[in-house]
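Report on the structure given below.
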Amino acid sequence: MLSPLPPLSLYIHIPWCVRKCPYCDFNSHAVREEIPEEAYVTALIDDLEAELASGENRDLQSIFIGGGTPSLFSAEMIDSLLKQVEARIPFAKDIEITMEANPGTFEQEKFRGYRAAGVNRLSLGIQSFHDEQLKALGRIHNQGEAIHAAQLARQLFDTINLDLMHGLPGQSTEQALTDLQQAIDLQPDHISWYQLTIEPNTEFHARPPSLPVDETLWDIQEQGQQLLAQHGYLQYEISAYARDKRQARHNLNYWQFGDYIGIGAGAHGKLSYPDGRIMRRWKQKQPKAYMQPEKRLSGEEAIEADALPFEFMLNALRLVEGVDSTLFQARTGLSLETMQSTLKRARQMGLMVDDPARLAPTQQGRLFLNNLLELFLEEQSARS
């Protein structure tokens with residue numbers, strides 16, 4: 001029995017973008033005609049009502065509007081969307097409402113409207129401050145627009161995040177650190193700094209660019225983390241750094257195995273129920289099909305008890321400090337004893353902190369996270 005139920009978040013997916021970036025494997029679709037904003041928002045609200053039909057009555061702790069490029073939507077439509085959501089499910093008094101945005105001039109014109117609509121955390125997809133790198137990544141903004149967007153966002157929003165990549169095609173250590181220093185100079189509250197990876201079903205996978213060698217990637221990672229720490233940005237997750245305790249509460253809820261409703265084309269959700277069930281649902285990826293009610297739900301499944309330890313650790317071990325050990329039973333309904341042998345093995349290998357009160361990776365465990373997670377996956381396979 002799961003009691004009390006975990007905190008609840010809402011993820012809203014807006015799938016359109018101006019142009020599909022060559023590294024992107026998200027469910028995003030290049031705009032080929034006028035975006036059907038009103039019809040899509042109607043579909044989102046219908047989707048939410050279906051999700052709430054089981055009697056969900058928890059307050060929403062956070063909302064994340066992601067994409068695609070949500071800032072292609074008008075501020076008026078984002079305002080209408082958020083008002084309709086709040087009319088159906090109560091917002092916590094200190095709710096965090098995050099929206100992803102492109103730094104382009106066209107999107108900047110809407111920033112004041114998004115803030116007036118209730119968005120209090122803006123996440124800017126900068127990726128790089130070098131025009132040459134931006135062109136290689138297929139981005140449609142330039143360095144000047146990126147800097148101006150960050151400066152404007154700082155004036156308007158309670159919290160801003162800058163999304164930055166490293167390990168880019170032809171990038172040197174010096175270039176990566178210059179990018180990072182430029183981001184730091186703009187004084188965001190949060191920096192998401194992560195290495196470019198080549199994912200299947202992307203243009204980069206079909207035509208791989210020349211990426212930095214492993215030695216350079218290690219240098220970038222090590223020196224970049226030192227630079228962030230020197231300026232007060234503390235790493236709390238694999239690729240997330242915050243100052244002044246401005247961690248992304250929405251993402252923390254994912255990593256702490258909280259609950260989230262997912263609405264929108266291709267959105268995923270996870271919900272716990274008082275009877276102990278934990279269900280996942282996912283939606284139709286194609287926007288036109290998603291807007292047809294009978295095609296909207298693409299699939300759903302219960303997370304079986306055998307899979308819960310791995311599912312929990314897959315999220316919790318992304319956090320530098322891990323989680324309190326008691327959270328495992330609170331979120332899964334299972335006793336920690338179910339994975340004691342694997343925990344003992346991971347600690348003996350130096351991959352997890354030897355502290356019964358915490359489930360946390362060591363520095364070595366963070367560096368070799370896949371190896372650490374494989375231990376819990378092996379345990380799951382042995383039980384199945």
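The values are calculated or read from the model by the stated rules, or taken from the named source; none is laboratory data. Nothing here was measured: the structure is a model prediction, and the numbers come from that model. Note that each Cβ is placed from the backbone with ideal geometry, even for glycine, and that neighbours are counted across all protein chains shown. Heavy atoms of the whole protein, side chains included, go into the accessibility calculation; ligands, DNA and RNA do not. Shrake-Rupley method; radii C 1.70, N 1.55, O 1.52, S 1.80 Å.
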From (1) outside any helix (DSSP H, G or I); (2) open to solvent by less than 70 Å² (accessible area, probe 1.4 Å), pick out the condition that doesn't hold for PRO309.
-> (1)
Do you know which of the residues in the range 312-348 that are assigned to a helix (DSSP H, G or I) and charged (D, E, K, R) is nearest to TYR260 (Cα to Cα)?
-> ARG331
The one condition in (1) surrounded by 17 or more Cβ atoms within 10 Å (Cβ to Cβ); (2) more than 22 Å from the chain's Cα centre (by Cα) that ALA87 fails to fulfil | (1)
Filtered residue count, the range 355-384, keeping only those that are more than 20 Å from TRP218 (Cα to Cα) and part of a helix (DSSP H, G or I) = 11
Kindly establish whether GLU237 is at pLDDT below 95 and either in contact with a Phe, Trp or Tyr (Cβ under 8 Å, 6 or more places away or on another chain) or on the phi < 0 side of the Ramachandran plot (or both).
-> no
Of the residues that sit in the range 369-384 and are surrounded by 15 or more Cβ atoms within 10 Å (Cβ to Cβ) and out of contact with any Leu (no Cβ under 8 Å at 6 or more places or on another chain), which one is nearest to LEU317 (Cα to Cα)?
-> LEU377
Hits in the range 181-198 (condition: out of contact with any Asp or Glu (no Cβ under 9 Å at 6 or more places or on another chain), within 17 Å of LEU137 (Cβ to Cβ) and open to solvent by less than 60 Å² (accessible area, probe 1.4 Å)) | GLN182, ALA183, LEU196, ILE198
Name the helices (runs of 4 or more DSSP H) wholly inside the range 70-155 in which the number of residues that are under 22 Å from ALA43 (Cα atoms) is 1 or more.
-> 75-86, 111-117
May I ask you to list the residues in the range 158-178 that are in contact with a helix residue (DSSP H, G or I) (Cβ under 8 Å, 6 or more places away or on another chain), closer than 17 Å to LEU228 by Cα and hydroxyl-bearing (Ser, Thr, Tyr)?
-> THR173
With HIS13, HIS29 as the choices, which residue is in contact (Cβ under 8 Å) with a residue 60 or more places away in the chain and open to solvent by 20 Å² or more (accessible area, probe 1.4 Å)?
-> HIS29
Residue list for the range 292-306, restricted to those being outside any strand (DSSP E or B) and touching a helix residue (DSSP H, G or I) at 6+ places or on another chain (Cβ under 9 Å) = GLN292, PRO293, LYS295, ARG296, ILE303, ALA305, ASP306
Within the range 91-112, the residues that are surrounded by 15 or more Cβ atoms within 10 Å (Cβ to Cβ) and over 18 Å from ILE12 (Cα atoms) are PRO103, GLY104, GLU107, GLN108, LYS110, PHE111
Here, strands (runs of 3 or more DSSP E) confined to the range 199-291 with at least 1 residues that are open to solvent by less than 20 Å² (accessible area, probe 1.4 Å), polar (S, T, N, Q) and within 30 Å of THR326 (Cβ to Cβ) are 268-272
From the list SER54, SER71, which residue is surrounded by fewer than 20 Cβ atoms within 10 Å (Cβ to Cβ) and modelled with pLDDT under 95?
-> SER54
Which condition breaks for GLN151 when tested against (1) in contact with a Gly (Cβ under 9 Å, 6 or more places away or on another chain); (2) open to solvent by 60 Å² or more (accessible area, probe 1.4 Å)?
-> (1)
Only one residue in ARG331, ARG366, ARG347 is open to solvent by 60 Å² or more (accessible area, probe 1.4 Å) and basic (Lys, Arg). Which one?
-> ARG366
